[in-house]
Structures are given as structure tokens and as C-alpha cells.
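Everything below concerns the one structure shown next.
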Amino acid sequence: MIKVGVVGATGYAGEEVIKILINHKGVEITELSAVIDKEEPISSIFPVFKGRLDLICHKPDAQKMAKNIDLVFLALPHKVSMEIAPVFLKAGKLVVDLSADYRLDPGVYKVWYGVEHKDTANLPQAVYGLPELYHDEIKKAKLIANPGCYPTSAILGVAPAAREGIIDKNSIIIDSKSGVTGAGRKPDLALSFGEVNENLKAYKVNEHQHKPEINRILSLVAGSAIDVVFTPHLIPMNRGILSTIYMKLNKKIDTKAAVDLYKKFYKGKPFVKVYDEGKLPQIKDVVFTNFCDIGVKVTGDTLIVIACIDNLKKGAAGQAVQNMNIMAGFDETEGLM
Ligand SMILES: NC(=O)c1ccc[n+]([C@@H]2O[C@H](COP(=O)([O-])OP(=O)(O)OC[C@H]3O[C@@H](n4cnc5c(N)ncnc54)[C@H](OP(=O)(O)O)[C@@H]3O)[C@@H](O)[C@H]2O)c1
């Protein structure tokens, strides 16, 4: 049994981590914190936990929390985790960070997040928390950079084609649609019902902060530089991401061969489902699950891939627990099926 803490427990991702851990056989939740006015039971903040978890959610105090946990989930906004993670790492604790603070090189981070990185000392030991690509590295890691939600769907959608070298690496176009919870729980006019409902909009066209993260990992997978075109869209749903990815093929293959290639690449990976030829995933097939469902089609010399996830599960909290399972030696699927 390991003792686990959640910092940022009152946010969407923090709440989701708690929901999963409550039913996890190998974990005891011993600490919760967030920026709150009054310290109170988490079940007063989220009645869904009433009678299941009445632990007090405290104001942030990493030093104190570190004395009572083995592993901590940082479900914090960007630019905050890099101030808090060093305290836990110095105390010899395992850290799974859900923010972007440990996903990029410091120079790239400064360009896209607008501030100097405050923890360049620990950055080199951060492992990118995508188990389908980095399972063995995650097993030995002390610090996990949990992937962003859009990058999870985009990278899982492109990796087999990039690794097998069947595509023109400069032809990748990623068109993603996300539900509103992807932006967090803080009040924002642009995310209000009146603005989002019965609407669909593109935003940060090819300049979203997840683009460098997608480029970094796909370049590592392909073994040469990749620069994708990435357009995120906001859709009037709570949860879910659907990414449609277009890639030019550099060799002649048909849909069956492409489906087989993807199925072979993800063989044995418990949370990726590659659909049979002619079948395509929908968001409702993955919400409230930790699955990434993938559909593949070849038309002419174009490979089209549809990748669907739940932004709060495989895109955040579920993947974070999947990483904890691998770090702590539990079954990778514990608490997630
Ligand atoms: N939402 C998603 O789908 C998703 C997907 C992938 C990754 N992520 C990442 O996961 C992280 C959390 O996302 P979220 O959607 O849960 O955001 P959120 O709803 O805005 O929650 C942020 C949480 O952090 C707390 N917090 C803020 N500053 C803090 C500090 N200095 N010390 C302690 N707690 C602090 C907030 O407390 P108060 O609310 O009380 O201020 C809140 O509990 C972000 O980095 C996000 O990018 C989210």
C-alpha cells in the first residue's frame, strides 16, 4: 500500500485523480491541498465523495505534505508545479506532474509559456509519461511529466506511421476538438455556457502551447525533426477530444495494411484500441474511460487517422494513475478498467 497526495485537489484533474484512487486497491489517499479560503473535508467541496472520502483539503504546504506521502500528483496550473515539485523530489518522494512544467526544454518552455523555467535542475530527470512509448523509462522514474490532453491523442495517432517511416514527416496536419473541461475549472467568459453552447470554434491556430510538445515527442519517435500543423477547436461538450490527423504517405499501402501496422504497434498496450477497417471511433466510445480509440483510413496517397480520448482520463488523471501504477509496480490497469 502506498500513501498518495494530490495538490490542486479542487480542480477538474485533481477531482478526477481522487475519483480513480478511491477505488484503487494499492493506494491510501493521505493528503489533499489546494488554494482554498477555508480548510474543509473534500466531500464538502465535492459531495460525490460524501461517505467515501472525508479527508480535509488543506492549504498548500509541500514540506508538511511530503512527510505523509510516498507519491504526489501535482494537478496544478502551468508555472506553479516547478515551484513545488523540487520540495517533494528533495524529500525523496515520487512526483507525477499533470502540468506542462516538465514536458519541454527550458528554452522552448520560455518561448511558449512566457517565463523562465524555475527548476532546470530536475528537468533532465523528467520522463514523458506516455506509457505506450516510454513504459520502461517510467518504471525507473522519480519525476513524470504527464502529457497534455491534445498531445496524447495526436502523438498516439501519428506515432506508428512516424516510427515505421511511411509518411512525409512535413505533411502532418492535426485538427483536434475538445470539450470545455480541457481548460480547467477557473471561471472564464469564453468558457461560459452562453459562449460555448451551440457553437464550435477554432482557436490558437497553429500557435497552441501543445504544438512544441507534439513536435518534440514525434521527432524523437521518427528520429528526425517533425513540425506539425495543429489546430485546436472548442466544442460544446464537457469531456472528450477527437483528433483528425492527415498525413501524406511516402509509399503505396491500403487501409488494411495501415490498420494492421497500427494494431501491431499497439499490441499488448492495454489502453489503445485500433478499430477494424471501415470502423471509426467517436467521443462517446471513450468518455469516462482511460482508452484511446483509433480509426485508420487510406484514401489516395493520404493516411487519415481519427484518435479519441477523454481529456480528463487518458488525457490527464487516468494516464497519471497509469504512470503511478508502472512506477509503483502495480498492474498497469489497476483502478482504470
Ligand atoms: N483539464 C484537463 O483536461 C487537463 C488535461 C491535461 C492536463 N491538464 C493539466 O492539469 C493541470 C490541472 O488542470 P485542471 O483542469 O484541473 O485545472 P483547474 O481546474 O484550474 O485546477 C487547478 C487546481 O490547482 C489549484 N491551485 C492553483 N494554484 C495553486 C497553488 N499555488 N498551490 C496549490 N494549489 C493550487 C487550484 O485551486 P483553486 O481552484 O482553489 O484555485 C485548483 O485546485 C493543469 O496544468 C492542466 O494543464 C488538464
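The values are calculated or read from the model by the stated rules, or taken from the named source; none is laboratory data. What you see is a predicted model; the values in this text were computed from it and never measured. A quick note on method: Cβ atoms are made from the backbone with ideal geometry, for glycine too, and the neighbour counts reach across all protein chains shown. Ligands, DNA and RNA are stripped out before the accessible areas are found, and what is left, the full protein with its side chains, is counted by its heavy atoms. Shrake-Rupley method; radii C 1.70, N 1.55, O 1.52, S 1.80 Å.
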Rounded to the nearest 500, the 222 nm mean residue ellipticity computed for the chain from DSSP H runs (n ≥ 4, each -39500 (n - 2.57)) alone is -8500 deg cm²/dmol
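Counting Lys and Arg as +1 and Asp and Glu as -1, each charge on the Cβ, what is the dipole of the chain about the Cα centre in debye, to the nearest 20?
Details: 42 positive and 39 negative charges, 73 e Å.
Dipole about the Cα centre, nearest 20: 340 debye.
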nm² value of the averaged projected area, convex hull over the Cα atoms of segment 149-311: 9.4
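Ignoring ligands, DNA and RNA, what percent of the accessible area of segment 149-311 is carbon or sulfur (1.4 Å)?
On the way: 3890 of 7300 Å².
It is 53 percent, rounded to a whole number.
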Amide H contacts under 5 Å for Val72, restricted to residues at least 5 apart in sequence or on another chain and with H modeled in the peptide plane, are Gly5, Leu94, Val95, Val96
Hey, what do the phi angles of segment 276-293 turn into as Karplus ³J(HN,Hα) couplings, whole Hz, using 6.51/-1.76/1.60 and θ = phi - 60°, x for Gly and Pro? 5, 3, x, 10, 10, x, 10, 4, 5, 6, 10, 4, 6, 10, 9, 8, 10, 9
If you wrap segment 258-337's Cα atoms in a convex hull and average its projection over all directions, what's the area in nm²? 5.6
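So for segment 214-337: antiparallel DSSP bridges make up what percent, rounded to the nearest 5? All intermediate terms of the calculation are to be shown ahead of the outcome.
Numbers: 15 of 18 bridges.
Taking every DSSP beta bridge within segment 214-337, about 85 percent pair in antiparallel fashion.
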So which of Lys110/Lys284; Lys140/Lys177; Lys118/Lys211 end up more than 25 Å apart by C-alpha? Lys110/Lys284; Lys140/Lys177
Computed from the beta carbon distance with a Förster radius of 25 Å, FRET efficiency for Glu39 and Lys67 to the nearest 0.05 stands at 0.90
Any idea of the accessible area per residue across segment 149-311, 1.4 Å probe, to the nearest Å²? 45
Full extension between Glu28 and Glu332 adds, at 0.36 nm per residue less the Cα distance, a length in nm of 107.7 nm
Spacing of the two label points (7 Å from each Cα toward its C-beta) at Ala257 and Gln125, in nm: 4.7
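Please report the equivalent ellipsoid semi-axes of the chain, computed as sqrt(5 x eigenvalue) of the Cα gyration tensor, largest first, in whole Å.
Values: eigenvalues 214, 88, 78 Å².
Largest first, the chain gives 33, 21, 20 Å.
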Charge dipole of the chain built from unit charges on the beta carbon (Lys, Arg +1; Asp, Glu -1), centred at mean Cα; most positive-end Cα among Val108, Val4, Tyr262 is Tyr262
